Amino acid sequence: MSKPRIGIYGLSSCAGDQLTILNCEDELLEIASQVEIKSFIMAQTGNEETSIDIALVEGTVSTKRDLERLKEIRSRTNILVAIGTCAVWGGMYAMRNDIPRAEMIRCVYGEKGLKYFDAASEPEVLPAEPLKNFVKVDLSIPGCPMEKKWFLRIFKSFLHGDVIDLPNFSLCSECKMVENECLLVNRGLLCLGPITIAGCKARCPSHNIPCIGCYGPVDEANYAAEVNILLSSGYAIEEIKRKMGFFVFNPDLKQSQ
Amino acid sequence: MSREIKIEHICRVEGHGGVTIDLEKDIVKLEIFEGSRFFEFLVAGKSYDEIPVIVCRICAICSISHMITSLMTIENAFGIQISKQTMLLRELIHCGGMLESHGLHLFCLAAPDYLGCNSIVGVADKKPELANIGLKLKKLGNRIQEIIGGGRPIHPINLRIGGFGKIPEKHELLALKNELEMAVNDGIKAAAFFSKIDTFPVDEPQYFSALKPVGNRFSFYGKNICVSENSNSGFFNENKVEEFEIRDYRKVCQEVVIQHSNAKHSLYNGKPFMTGALARVMMFGNMLYGRSKEALDMVRITRNPLCNNLAQAIELVYASQRCLEIIDELLDIRMENETLPVFQLGKCTGTAALEVPRGTLYHHYEFDESGKNIKTDIITPTAINLASMEQGVRGIVELHRQDATSVEVITSKTGMLLRAYDPCISCSVH
Ligand code: SF4
Ligand code: SF4
């Protein structure tokens with residue numbers, strides 16, 4: 001059997017999910033021997049943008065160039081995997097998608113910058129959006145960054161043609177498993193565990209730190225219940241909304257869909 | 001023959017950028033097309049305590065750098081004092097970040113240039129020992145970050161304003177010592193390798209900039225910003241150095257908006273300047289001590305930006321050696337979980353700077369009475385270096401434009417030069 005051809009790509013991102021792959025120091029050389037890495041711009045030269053079996057794509061679509069790149073990758077890959085919360089949900093960069101880009105450009109680059117960006121006939125800068133808003137995504141691995149362990153497990157499943165099985169329950173289940181004291185109920189802290197997908201083994205609550213939702217929401221997250229608990233603990237609705245929107249743009253809208 | 005050279009995408013660097021050179025019109029553009037994520041805008045209106053987890057996501061390789069600088073900026077704004085234990089644990093994780101970042105750059109991204117291969121896979125083929133050292137150092141840096149940072153090396157969770165969520169166990173620190181001792185030796189081997197590679201002449205940046213270490217020993221922490229003018233006198237030459245307070249960082253980094261780059265450029269006196277391992281080692285290398293001093297004495301290092309690789313290798317030795325010292329100190333002071341300091345909110349301003357893998361990183365925040373962020377300014381080392389990188393490419397073009405093989409030579413040297421700066425493009429745009 002010929003080796004699967006893969007491509008590892010980043011759109012606008014922090015490169016954390018690509019780096020998670022490079023952080024598999026013990027497995028890296030073995031992985032590279034089992035597949036043909038056709039493109040991985042961050043880590044190799046001599047890249048070939050040809051047809052591939054699997055594309056791993058990180059980051060959000062934030063520019064016209066990102067969008068063209070994503071469509072181009074989709075057109076020549078069999079399977080497209082979104083890696084990291086940005087690619088899956090929009091992540092942190094999407095938190096101000098309610099604001100016109102021109103205003104953000106002016107804030108960061110000033111009037112002169114605005115002129116440069118305006119020079120292009122079509123808007124170059126787009127609101128930060130997840131891959132699924134533009135192309136078909138075959139598999140999503142959330143996490144900010146995605147968990148190394150999950151990446152390796154999924155990678156092996158791909159190679160062996162096994163069923164891929166990611167957690168589909170909330171973080172609270174994992175948190176209870178490690179017997180943490182509940183920060184939300186017992187200590188009245190703004191912990192997003194109930195509405196966040198599991199996978200990190202409750203890393204933050206285990207360090208006395210409330211979950212900020214970096215893995216993105218669990219299916220059918222019960223936002224209303226969480227909001228009620230937080231309101232009764234004395235949090236203002238603005239703060240609740242703001243914190244719930246760190247990794248998913250406008251979570252209430254999602255709920256009403 | 002075409003007189004235009006285009007590098008569509010600079011490979012083996014973090015982020016997205018390319019180079020366009022027009023030999024006829026004499027144009028050199030380092031095009032940074034990585035999309036802006038508008039971090040300065042994202043944090044506007046956020047509560048002070050929400051900022052660190054947001055800004056650490058500027059970049060994965062430097063997440064610990066942004067996290068620590070952000071905490072320092074907030075602590076500076078609200079006048080929060082941190083304990084010795086917190087200071088040491090932070091420096092330890094910061095040195096871990098240095099090991100990971102320099103390890104990644106030297107062995108996975110830069111070394112292939114000098115071994116004629118495409119990636120770490122080729123390095124493992126041609127020089128298995130070198131690849132092995134690199135991956136080991138990188139992994140150790142990540143392990144340190146995991147132990148202190150709360151279980152993951154990227155976007156660490158355990159660092160808080162004024163302290164830590166939970167301090168690491170003693171035995172976890174003890175267990176690092178063996179590997180750190182090996183890392184010191186491996187760093188020296190890396191320095192030996194990078195001292196022997198073939199460099200080529202490149203225009204030297206007119207200015208270098210780095211933070212001046214607080215005491216009389218080399219450090220990534222500093223009080224004042226120093227800018228040294230190119231002189232042939234080697235290390236730190238008092239007469240040629242201008243010193244600035246950190247809160248006056250804008251006097252050193254005069255930012256300009258550039259049409260072909262989503263990252264702004266920084267100029268000092270209207271001129272490009274260089275920050276990073278080479279600047280640190282050239283300016284303050286005489287403050288190195290112990291094994292890192294040995295490493296420095298063993299090699300010949302010049303202001304040629306290609307020597308940034310060698311300077312990083314020397315810092316690998318320093319960072320490993322410093323980790324060992326910190327661990328001993330931490331074990332001495334008997335670590336315990338501390339309560340986080342309480343402090344008063346109020347209208348205030350904070351600025352902090354830190355020497356991070358690619359150079360000096362600056363954060364500046366302003367807060368209103370309720371602790372809400374009203375203004376942010378972040379200047380990253382790669383943004384500082386872009387002008388100097390572009391100038392370096394211009395020099396290469398100048399030197400080779402008449403060569404029969406100009407396209408190949410210019411393309412390959414440009415790639416090597418840009419990579420030697422270890423640019424982090426996501427950071428530069430942010
Ligand atoms: S999901 Fe997190 S780690 Fe991945 S690119 Fe986005 S910010 Fe970086
Ligand atoms: S601490 Fe957070 S994650 Fe853990 S059980 Fe409570 S709400 Fe859920």
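The values are calculated or read from the model by the stated rules, or taken from the named source; none is laboratory data. Small disclaimer: the values here were computed from a predicted structure and weren't measured. Methodologically, a virtual Cβ is constructed for each residue, glycine included, from the backbone with ideal geometry; neighbour enumeration extends over all protein chains shown. Side chains included, ligands, DNA and RNA excluded: accessible areas come from the protein's heavy atoms. Shrake-Rupley method; radii C 1.70, N 1.55, O 1.52, S 1.80 Å.
For the reader, a short list of remarks on this structure follows.
- Comparing the full protein assembly with the isolated chain, the residues of segment B:125-145 losing at least 10 square angstrom of accessible surface (1.4 Å probe) are B:Leu135, B:Lys138, B:Lys139, B:Asn142.
- The residues of the protein assembly as shown expose on average 38 square angstrom of accessible surface per residue, using a 1.4 Å probe on protein heavy atoms.
- Relative contact order of chain B, defined on C-alpha pairs under 8 angstrom at six or more residues apart (%): 24 percent
- Springs join every pair of Cα atoms under 10 Å in this Gaussian network model of chain B, and among B:Leu306, B:Leu296, B:Leu330 the largest mean-square fluctuation is at B:Leu330.
- For segment B:1-149, alpha-carbon Rg over 2.2 N^0.38 Å: 1.35
- Farthest positive-ward along segment A:1-154 dipole, Cα basis, beta-carbon charges - from A:Pro100, A:Ala128, A:Asn23: A:Pro100
- Alpha-carbon radius of gyration plus Dmax, which is the widest Cα pair, for segment B:134-221 in Å: 17.7, 50
- Normalised by residue count, the protein assembly as shown yields a Cα convex hull volume of 157 Å³ per residue.
- Neighbour-limited loop hits for trypsin sites (Lys or Arg not before Pro), segment A:184-257 (at most 12 other Cβ within 10 Å; DSSP other than H, G, I, E, B): A:Arg187
- Length gained on full extension, A:Lys115 to A:Ile164, computed as 0.36 nm times the residue gap minus the Cα-Cα distance: 12.9 nm.
- Over 18 Å (Cα to Cα) - which of B:Lys84/B:Lys347; A:Lys149/A:Lys201; B:Lys177/B:Lys293 fall in this group: B:Lys84/B:Lys347; B:Lys177/B:Lys293
- Charge dipole (the protein assembly as shown, unit charges on Cβ, about Cα centre) - positive-most of A:Thr196, B:Ser292, B:Gly149: B:Ser292
- Accessible carbon and sulfur surface of chain B relative to its total accessible area, %, 1.4 Å: 48 percent
- Burial annotation for segment B:54-82: residues with an accessible-area loss of at least 10 Å² between the isolated chain and the complete set of protein chains, computed on heavy atoms with a 1.4 Å probe, are B:Ile54, B:Arg57, B:Ala60, B:Ile61.
- In nm, spacing of pseudo-spin labels at A:Arg74 and B:Gln254 (7 Å Cα→C-beta vector): 4.7 nm
- Trypsin sites (Lys or Arg not before Pro) lying in DSSP loop within segment B:1-89, provided at most 16 other Cβ fall within 10 Å: B:Arg3, B:Lys25
- Sparse packing (at most 11 other Cβ atoms within 10 Å of the Cβ) combined with a DSSP loop state is found for the following trypsin sites (Lys or Arg not before Pro) in segment B:218-320: B:Arg300.
- DSSP bridge orientation in chain B - percent antiparallel, rounded to nearest 5: 90 percent
- Mean-position separation - Cα centroids, segment B:384-403 and segment B:287-362, in angstrom: 31 Å
- Chain B: DSSP helices with Cα axial extent of at least 20 Å and average Kyte-Doolittle hydropathy no lower than 1.0: none
- For chain B, size of Cβ-based charge dipole, Lys and Arg +1, Asp and Glu -1, in debye: 240 debye
- Overall Cα dimensions of chain B, principal axis frame, Å, largest first: 68, 47, 42
- The B-A contact accounts for roughly 5300 square angstrom of buried accessible surface, both chains included, probe 1.4 angstrom.
- Fraction of beta bridges assigned by DSSP in the protein assembly as shown that are antiparallel (%, nearest 5): 70 percent
- In terms of overall dimensions, the C-alpha atoms belonging to chain A reach 57, 51, 32 Å along their principal axes, ordered largest to smallest.
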